[in-house]
Amino acid sequence: MKNYLSFESDIKNLETELDKLKDPYNKEEGISEVDTSKISKTQNELNSKLKEIYSNLDPWQITLVARHEDRPKSKYFIDNLFEDFISLSGDRYYGEDKSVLAGFAKFNGNSVLVIGQEKGDNLESRIERNFGMMRPEGYRKTIRLMQLANKFNIPIISFIDTPGAYPGVGAEERGQAEAIAKSIENCMQLTVPTIAIVIGEGGSGGAIALASSSKVIMLENAIYSVISPEGCATILWRDPKKMLDAAKAMKLSAKDLLELKVIDEIIPEPVGGAHRDKDTILENVKDSIQKNLNIFNQMTREEIFEQRKSKFLKIGRDKGFMDNSTELSSLNENKDNNVNNLLSNLKNSKKIQIGLGVLVISVIIALAFIL
């Protein structure tokens, strides 16, 4: 049984009609002749409707597509893109976290470390996988394996799909925030190529803990944000129903994030979303991974590290205090002094001191809600 989103009623009606036309046993009088011309006409109507709807999705509708229960999950990509995948378990501190799959595999004959946040395909597996929400032991497992991959110069490929890190009491007691921070720090220190692909939801610190990568890539209808639209609307307006306003304000779509240079690439999806043609999206993801791995094959380990550092330092600079961000790739002592002088001058202004204070307080309050 197909699952349809709230804005797909016309598509549902057309597909239901198409299925009836293709079924020779649909008529009451028994077997009937299939009307191929009508089938062709209905199929064309369906294709046109899909293009019309999916070319005009608003940010909230994109969020719904990103969360679609039939959307291909990390396990699907791991099973179909990689060979000889060996799943590794445990963080060597507490236990195993089944919300993240991790292990070494072969991609086009080369060794890679694969990490995938897995939501599950049905109710039973979703409960087992904790709906893709990782616990501290999950992050510590991935840290352990990333350090091992770095030791042996093996590229790392991560599939991001989570509403956020698990906020349970047990997770907090075992150091959830510290585990996320350590994971981000570890990702930034690696000297091997790291590619993160947001295939569905990229939510909060739970996503960025694994997505602090050399290349951050998103599927066309994926989302990537600091908090869910419902959570943002609840905090800002005390009304979770204002999720459309929140989704628009947060710029969580792939198109917006590419424009802001938060991500590096968008992988196109079939018309109607990745769940409608999994073979096509599989081929598109495979091509993107190979293309980006080829780029890093020409770079030394030091250059890979510098590229990742510069990439994150540049985010937001074009519309910030600095006029030119092109020279950030080789920060030296003079440039560091220039930045320090700029910050020193800013702090001398009482108005900006007040503004910075309000900003710090706002960030602390926001983190309190998020974590």
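The values are calculated or read from the model by the stated rules, or taken from the named source; none is laboratory data. Keep in mind that this is a model prediction, so the values were computed, not measured. FYI the Cβ positions are ideal-geometry reconstructions off the backbone, even for glycines, and counts take in every protein chain you see. These accessible areas exclude ligands, DNA and RNA; they are computed on the full protein's heavy atoms, side chains included. Shrake-Rupley method; radii C 1.70, N 1.55, O 1.52, S 1.80 Å.
With the radius of gyration and the Kirkwood radius both derived from the Cα set of region 221-273, what is their ratio Rg to Rh?
Rg/Rh: 1.05.
Report the extension gain between LYS20 and GLU303 in nm, rounded to one decimal, defined as 0.36 nm multiplied by the number of residues separating them, less their alpha carbon distance. Working shown, then result.
Numbers: separation 283, 0.36 × 283 = 101.88 nm, distance 5.84 nm.
Result: 96.0 nm gained on full extension.
In whole Å, what are the extents of region 174-296 along the principal axes defined by its C-alpha atoms, from largest to smallest?
Per principal axis, max minus min of the Cα coordinates gives 47, 40, 27 Å.
With Cβ to Cβ distances under 10 Å as the rule, what net charge do the other residues near MET133 carry (K, R +1; D, E -1)?
My count for the surroundings of MET133 gives +2.
Quick one: give the max-minus-min coordinate of the C-alpha atoms of region 69-124 along each principal axis, largest first, in Å.
Sorted largest first, the three principal extents are 35, 35, 12 Å.
State the Cα centre-to-centre distance between region 215-283 and region 56-87 in whole Å.
13
Could you work out how much longer the chain between TYR4 and THR280 gets when fully extended? Use 0.36 nm per residue separation minus the Cα distance between them, nm to one decimal.
That works out to 97.3 nm of additional length.
Return the Rg/Rh ratio of region 111-152 with Cα-based radii and a Kirkwood Rh. Write out the running numbers ahead of the final one.
Details: Rg = 12.6 Å, Rh = 11.5 Å.
Computed over Cα atoms, the ratio is 1.09.
Which percent of the accessible area of region 161-241 is formed by carbon and sulfur heavy atoms (probe 1.4 angstrom)?
On the way: 1640 of 2800 Å².
Here it works out to 58 percent.
Report for region 75-192 the percent antiparallel among DSSP-assigned beta bridges with both residues inside it, nearest 5.
75
Leaving out ligands and nucleic acids, and using a 1.4 Å probe, what accessible area per residue does region 212-302 come to in Å²?
49
Which entries of LYS248/LYS291; LYS248/LYS311; LYS73/LYS182; LYS106/LYS255 have Cα-Cα distances beyond 29 Å here?
Flagged as over cut-off: LYS248/LYS291; LYS106/LYS255.
Just add up the charged neighbours of TYR94: K/R +1, D/E -1, any other residue whose Cβ is under 10 Å from the Cβ of TYR94. Present the calculation step by step, with values, prior to reporting the outcome.
Working: positive: ARG92, ARG135, ARG140, LYS141, ARG174; negative: ASP91, GLU96, ASP97, GLU137.
Every neighbour counted, the sum reads +1.
Taking a temperature of 10 °C and a viscosity of 1.306 mPa s, what whole-number D in µm²/s does Stokes-Einstein yield for region 37-163 with Rh from Kirkwood over alpha carbon pairs?
This corresponds to a translational diffusion coefficient of 95 µm²/s.
To check my understanding: the extent here is largest minus smallest coordinate of the Cα atoms along each principal axis. What are those three numbers for region 236-321, in Å, largest first?
Answer, in whole Å and largest first: 50, 44, 17 Å.
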